[in-house]
Amino acid sequence: MSVENPKERRERLEMTALGLAGLIPFAASAFVVWIPATLLAPFTSAAPVFALAYAAVIAAYLTGAGAGAILAQPSGPRRWFAPGQILLLIVFFAALPDGVLYDLAHSIRFPIVIAAFLAILAMDLGSAREQRFPPWYGKLRIALTAGVVASLAAVLAHPSVWGAR
Amino acid sequence: MTNSVKPSETGAQGLPQAAAVLAYAGALPPIVAALMVWMRPADLGPATTELMLIYGGALIAFFGGVRWGVAVMRAGGPSFASLLGGVIPLAMAFPVFFLEDAFTRFLIIIVALPILLWDDLRATRRGSGAPDWYLGVRTPLTILMTASFALAFLKTLLS
């Protein structure tokens with residue numbers, strides 16, 4: 001078992017803090033949808049759209065990170081960019097606002113985005129096993145993706161969101 | 001079916017080829033969208049502009065991710081500056097997704113894409129960035145995509 005050196009530990013802690021910060025908008029969307037505070041009422045209807053748009057930004061970033069990791073080690077095990085790009089396109093089209101190309105119910109959009117996030121995680125765990133990412137990356141991604149999926153599922157589970165556009 | 005594979009399709013050589021094909025495919029939507037904005041401004045213009053802007057935001061976030069991925073896996077570990085260089089594009093992408101003002105959103109994209117390319121080229125020259133071939137593919141594509149966004153922006157200004 002490898003021992004983590006101080007530099008790796010600092011790196012892991014910094015990335016964990018950054019990852020948790022990135023989770024806040026997802027959690028906030030779920031919070032706004034579920035907490036019946038008068039102060040938050042104006043944001044309630046916008047929260048699902050915000051969560052989907054934010055998911056698209058994060059999916060783009062994560063698939064970019066996967067591509068960057070491949071670029072950093074071109075001589076490693078063969079792994080293609082295409083699966084990540086396809087997953088990004090799926091999230092992109094699921095998150096497009098109504099009226100741009102089509103109208104879609106949230107009950108269709110959210111499960112697609114959740115499934116795509118799980119697929120991106122699976123892909124990145126494969127890369128982590130091939131040591132294309134630092135040793136701490138896999139565990140961190142599992143925890144953060146769990147947070148993303150729980151938040152998106154919580155938004156979708158609200159009666160005002162399920163079935164709404 | 002045989003197992004024969006052309007040497008150019010394997011390993012590190014196949015990677016640039018496949019990545020180049022994907023990159024060119026990824027550049028098509030803004031190019032086509034810019035043409036649509038000019039050719040069918042009345043019916044397709046607004047939706048195509050919105051599609052284009054969201055795509056531009058996703059591109060910026062994606063390039064930020066690439067920088068982060070390259071930085072985190074570089075020999076000796078990432079530097080603070082290189083990690084920051086990966087996160088800044090993400091921060092630039094947010095307003096493109098969440099602002100309503102098309103003018104500002106177009107400006108962010110038109111400014112961000114060349115700046116990211118320029119900085120990535122610098123990093124590659126220093127030996128701390130992506131491989132040469134990647135930027136060799138990205139340079140013409142960034143020029144094409146930025147020109148597409150600029151064209152659509154011009155149409156938005158004129159209408």
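The values are calculated or read from the model by the stated rules, or taken from the named source; none is laboratory data. Note that the structure is a prediction, hence the values are computed from the model and not measured. Here Cβ is always computed from backbone atoms with ideal geometry, including for glycine, and neighbour counts include all displayed protein chains.
Does the stretch A:103-139 hold any residues that are exposed (fewer than 15 other Cβ atoms within 10 Å of the Cβ), within 14 Å of chain B (Cβ to nearest Cβ) and part of a helix (DSSP H, G or I), and which are they?
none
Looking at the stretch B:85-106, which of its residues are more than 18 Å from the chain's Cα centre (by Cα) and either touching a residue at least 12 places away in the same chain (Cβ under 8 Å) or within 22 Å of A:Ile70 (Cβ to Cβ) (or both)?
B:Ala102, B:Phe103
Filter the stretch A:83-100 down to the residues that are free of Cβ contacts under 8 Å to residues at least 24 places away in the same chain and in a helix (DSSP H, G or I), then identify the one that is surrounded by the most Cβ atoms within 10 Å (Cβ to Cβ).
A:Gln85
Which one of A:Gly126, A:Gly163 is modelled with pLDDT under 95 and under 23 Å from A:Thr44 (Cα atoms)?
Only one candidate qualifies: A:Gly163.
Given A:Ala17, A:Ala37, A:Ala30, which one is surrounded by 15 or more Cβ atoms within 10 Å (Cβ to Cβ) and small (Gly, Ala, Ser)?
Of A:Ala17, A:Ala37, A:Ala30, the one residue that is surrounded by 15 or more Cβ atoms within 10 Å (Cβ to Cβ) and small (Gly, Ala, Ser) is A:Ala30.
Which helices (runs of 4 or more DSSP H) does the stretch B:68-159 wholly contain that include 2 or more residues that are away from every other protein chain (no Cβ under 14 Å)?
Per the criteria, B:102-126, B:132-158.
Can we say A:Ala60 is touching a residue at least 60 places away in the same chain (Cβ under 8 Å) and either touching a strand residue (DSSP E or B) at 6+ places or on another chain (Cβ under 8 Å) or buried (at least 22 other Cβ atoms within 10 Å of the Cβ) (or both)?
no
If the requirement is being touching a Leu at 6+ places or on another chain (Cβ under 9 Å) and modelled with pLDDT of 85 or more, which of these qualifies: B:Ile115, B:Ile31?
B:Ile31
Could you pull out the residue among A:Ala28, A:Ala65 that is facing chain B (nearest Cβ under 7 Å), part of a helix (DSSP H, G or I) and over 28 Å from B:Pro46 (Cα atoms)?
None of the other options fit; the residue is A:Ala65.
Can you find, within the stretch B:119-138, the residue that is surrounded by the most Cβ atoms within 10 Å (Cβ to Cβ) among those that are of a type in the set (A, V, I, L, M, F, W, C) and under 12 Å from the mean Cα position of the chain (by Cα)?
Checked the stretch B:119-138; the qualifying residue surrounded by the most Cβ atoms within 10 Å (Cβ to Cβ) is B:Val137.
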